[in-house]
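Trainee: Shown below is the structure under consideration.
The values are calculated or read from the model by the stated rules, or taken from the named source; none is laboratory data. Not measured: the values here are computed from a predicted model. Because the Cβ atoms are built from the backbone with ideal geometry, glycine has one as well, and the counts that use them run over all protein chains shown. Side chains are part of the model used for accessible areas, which takes the heavy atoms of the whole protein and leaves out ligands, DNA and RNA. Shrake-Rupley method; radii C 1.70, N 1.55, O 1.52, S 1.80 Å.
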Amino acid sequence: MQDPIIQVRGLRKTYGDLVVLRDVDLDVQPSERLVVIGPSGSGKSSLLRCLNYLTRPEAGSIVIDGVLLDDDETNINAVRAEVGMVFQRFNLFGHLTAVENVALAPRLVRGVAPVVSRARAAELLEKVGLADKVDAYPSTLSGGQQQRVAIARALAMTPKVMLFDEVTSALDPELVHEVLVVMKQLADEGMTMLVVTHEMRFAEEVGTRLIFMDEGAIVEQGAPGDVLRSPQHARTQAFLERVLW
């Protein structure tokens, strides 16, 4: 067994009297595809945001690839350079073309030469099926295409871990498939992935482990098929009965 690439211990986050993460413990192995499900407000997105330190917890520890995430800006920047995150909203720069959106971070953060970063960005856009949209602006792209640009942008930093926060929930149903195809390809290539999703078929087909969260805690976890088909906890059972039927 390898050392976990992500180690979380006693993670706690509150907003006033509202506890959104309750002493969460979690290990993620390299190349693991961890799927996170649960009702709205259960702490799923907060967990992912803490892993990138976009949300700072009140207590607990996070170690990613041997680096302790704390208030040290050097550590925060080091982890963010290795952890890509894709959000529900695409957050593309509207005044930049697709290739410029993808090439920007490597050029600014890693100091990659413009010609090199642009060439790499074009390769990544081809990887996500957008070779013909290199010079297109976000306003001319569909939601699914914009989300694939966002995935390419995250991949441009050559991350060791990818975080996906309900990346298909804002898409029309017919556009969801094209984004999931790209995510499945990354899984097949061995990318370590944490995926918050409501796409249960994707969870079962691609996930290596599934956790169910409720009220800020991990209530149940296991192989995706086992949890989805034979949940052991009453709260998991109630949730899946509403979602799957």
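Trainee: Restricting attention to segment 30-46, which residues are within 24 Å of Gln185 (Cα to Cα) and either charged (D, E, K, R) or surrounded by 16 or more Cβ atoms within 10 Å (Cβ to Cβ) (or both)?
Mentor: The answer is Glu32, Arg33, Leu34, Val35, Val36, Ile37, Lys44, Ser45.
Trainee: Out of (1) in a helix (DSSP H, G or I); (2) under 18 Å from Met85 (Cβ atoms); (3) among the aromatic types (Phe, Trp, Tyr), the odd one out for Phe239 is which?
Mentor: (2)
Trainee: Which members of segment 5-29 meet the condition of being crowded, with 17+ Cβ neighbours inside 10 Å and not in a strand (DSSP E or B)?
Mentor: Ile5
Trainee: I've got another one for you. How do the pairs read when you match residues in segment 193-208 that are surrounded by fewer than 22 Cβ atoms within 10 Å (Cβ to Cβ) with residues anywhere that are acidic (Asp, Glu), using Cβ under 6 Å and keeping only pairs 6 or more apart or on different chains?
Mentor: Thr208/Glu32
Trainee: Looking only at segment 131-162, count every residue that is within 21 Å of the chain's Cα centre (by Cα), more than 18 Å from Glu174 (Cα to Cα) and outside any helix (DSSP H, G or I) and tell me the total.
Mentor: Going through segment 131-162 one residue at a time, the tally reaches 7.
Trainee: Would you be able to tell me the number of residues in segment 147-165 that are in contact with a Ser or Thr (Cβ under 9 Å, 6 or more places away or on another chain) and surrounded by 20 or more Cβ atoms within 10 Å (Cβ to Cβ)?
Mentor: 6
Trainee: Another question, if that's okay. Of the residues Asp71, Asp65, which is among the acidic types (Asp, Glu) and under 12 Å from Ile6 (Cα atoms)?
Mentor: Being among the acidic types (Asp, Glu) and under 12 Å from Ile6 (Cα atoms) holds for just one of Asp71, Asp65, which is Asp65.
Trainee: May I ask you to list the residues in segment 105-130 that are open to solvent by less than 60 Å² (accessible area, probe 1.4 Å), free of Cβ contacts under 8 Å to residues at least 12 places away in the same chain and either within 15 Å of Glu178 (Cα to Cα) or assigned to a helix (DSSP H, G or I) (or both)?
Mentor: Scanning segment 105-130 gives a single hit, Ala119.
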